[in-house]
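Chemist: Just passing along the structure, written as structure tokens.
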Amino acid sequence: MKTDINLSKTGRNSLILLRILIGWHFLYEGVLKLYNPAWTSKAYLSSAELLKPLFQWLSSDEMINLVDNLNIFSLMVVGLSLLLGYFERLGIVFGICLLIMYYIAHPALPGASQVGTEGSYWIINKNLIEAAALFVLYHIPTSAYFGLNLLKKKN
């Protein structure tokens, strides 16, 4: 994977650190949910403020088990891909999709119930910031410098 962006070693290492930290966050969230038998996304989804019919359907009794398991699996796979630097871009795309879905469910828009809560401010919240950071990483694939993708090159 060749990148046409000329970064200093410090710049590359900074982006690698960003990738690893975001990967850890995704993996941690997935593992935390996996080992908590009481966890479910039902309340979060059923209280969605935008696209209510979609999120109501996802939180229905027929769908919630599948949705919860897919969420856990996706969080862990995205986290591992970012931590290990393997299939980095695919992990980033799935990570952005998850974060945008989380944002849409509870946007930080004026008048929304989440505005002003920790990590959720006016228009911008932590999900949107993390999605933007992943967008940057998509365009500067750090696994070209550090990660298991380097092993594929040598074979």
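Chemist: Given Leu7, Ile20, Thr40, which one lies farthest toward the positive end of the charge dipole of the chain, if we put +1 on the Cβ of every Lys and Arg and -1 on the Cβ of every Asp and Glu?
Modeler: Going by the Cα projections, it comes out as Leu7.
Chemist: Follow-up question, since we're still on this one. Explain nothing, just the number: relative contact order of the stretch 1-66, from Cα pairs under 8 Å at least 6 residues apart, as a whole percent.
Modeler: It comes to 19 percent, rounded to a whole number.
Chemist: Could you line up Glu130, Glu62 from fewest to most neighbouring Cβ atoms inside 10 Å?
Modeler: Ascending Cβ contact count within 10 Å gives the list Glu62, Glu130.
Chemist: Build a GNM of the chain with springs between Cα atoms under 10 Å: which of Ile64, Ile123, Ile140 gets the top mean-square fluctuation?
Modeler: Ile123
Chemist: While we're on this one: Charges at C-beta only: +1 for Lys and Arg, -1 for Asp and Glu. How large is the resulting dipole of the stretch 9-149 about its Cα centre, in Debye rounded to 20?
Modeler: 460
Chemist: Let me know the number of lysine pairs in the chain closer than 26 Å at the Cα, not counting same-chain pairs under 8 apart.
Modeler: Taking the Cα cut-off of 26 Å, the pair count is 12.
Chemist: Relative contact order for the stretch 9-149: what percent, with Cα pairs under 8 Å and sequence separation of 6 or more?
Modeler: Relative contact order here is 29 percent.
Computed from the coordinates by the stated procedures, all read-outs in this text should not be read as laboratory data. Note that the structure is a prediction, hence the values are computed from the model and not measured. Note that each Cβ is placed from the backbone with ideal geometry, even for glycine, and that neighbours are counted across all protein chains shown.
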